[in-house]
Amino acid sequence: MRIFDPHIHMTSRTTDDYQAMYDAGVRAVVEPSFWLGQPRTSPASFYDYFDSLLGWEPFRAAQYGIAHHCTLALNPKEANDPRCTPVLDALPRYLVKDNVVAVGEIGYDSMTPAEDTALATQLALAADHGLPALVHTPHRDKLAGLRRTLDVLRESPLPPELVLLDHLNETTVKEAADSGAWLGFSIYPDTKMDEDRMVALLKNHGTARVLVNSAADWGRSDPLKTRKVGDAMLAADFTDDDVDQVLWRNPVAFYGQSGRLQLDLPSHDTPATHHEGNSILRGGE
């Protein structure tokens, strides 16, 4: 089983997670920029973070045979903090980087006017740079949040086939699908979706334009949830081809629209030991 996790925050995970993911079949990931838990107080902290997603984290993933790409944006939560909004002006110089496969996460957290502005601005940036957009639908008032998101999308220059609506569930999937966008589902231990609900939804909705992710981060989450969905699909009589479509071909097709996916990696049996001139070895060479 080959797996592409299209939304996972590896900055928050350990090297043991990378090894376990590789052993489970994960060969590619996309890491969206997001809120780190501790509020940032200046744009400079975003730029250091973006640089790590473009340099250090792909290097770290390659140690374990996993191709790493990222999406960059001012996230919805911090779009409400005027100390952070200058990031919008700096994004164009980051969106031209080869490893950036979408603008994201963008969307809504509390559905404020500031979030309206950040979403519309970043959808326009995605269109200007020929990139897809990863859109975070809010965790509260999901259906109202989705409808507000779709209103902004309809007014934006970005076509729906370049939009991935993420964190969907049973209450939002129909309207999201009717929009023409791609459909993202986050599988969590306690909240959002779980494997059984995801399998039931796939039976009713089908596998077209569906992406399944772990969205694993610093909270209670599981970076192996994509594999668990694949196993649950097989147990529910989906075919190997169905699983491959959901867990590999669909994310490749969506992010491939950026023209920047690089999924071939050298063998991780002899990984590089230096990043930007610094050894990653501990205890000497």
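Every number in this text was worked out from the coordinates using simple rules, so none of it is lab data. Treat the numbers as computed from the prediction; the structure is a model and nothing was measured. Every residue, glycine as well, gets a Cβ built from its backbone with ideal geometry; the counts of neighbours run over all protein chains shown.
The aspartates and glutamates whose alpha-carbon is closer than 16 Å to the alpha-carbon of K203, local same-chain residues fewer than 8 away aside, are E170, D194, E195, D231, D237, D240, D241, D242, D244. Inter-label distance, R2 to D237: 2.9 nm, where each label sits 7 Å from its Cα along the C-beta direction.
Residues R13, R27, arranged from fewest to most other Cβ atoms within 10 angstrom of their Cβ, appear as R27, R13. Under the criterion of Cα pairs below 8 Å and six or more residues apart, the relative contact order for the chain equals 21 percent.
Antiparallel beta bridges, as assigned by DSSP with both residues in the chain, represent about 10 percent of the total such bridges. A crude spin-label estimate for the pair R93 and Q262, with each label 7 Å from Cα along the Cβ direction, gives 2.2 nm. Here K97 is the anchor, and the aspartates and glutamates within straight C-alpha reach of less than 19 Å, apart from those fewer than 8 places off in the same chain, are E31, D48, D51, E57, D89, E105, D128, D264, E276.
Available extension along the chain between R154 and A124 is 9.6 nm, counting 0.36 nm per residue and deducting the alpha carbon span. Projecting label points 7 angstrom from Cα along Cα→Cβ for E170 and D190 puts them 2.1 nm apart.
Across every pair of non-identical alpha carbons in region 1-42, the mean reciprocal distance, once inverted, gives a Kirkwood radius of 11.6 Å. For region 104-201, the antiparallel share of DSSP beta bridges with both residues in that region comes to about 10%. Secondary-structure-derived ellipticity at 222 nm for the chain, considering helices only, amounts to -11000 deg cm²/dmol, per-run term -39500 (n - 2.57) for DSSP H runs with n ≥ 4. Here the extension length gained between D141 and W56 equals 27.0 nm, from 0.36 nm per residue of separation less the Cα-Cα distance.
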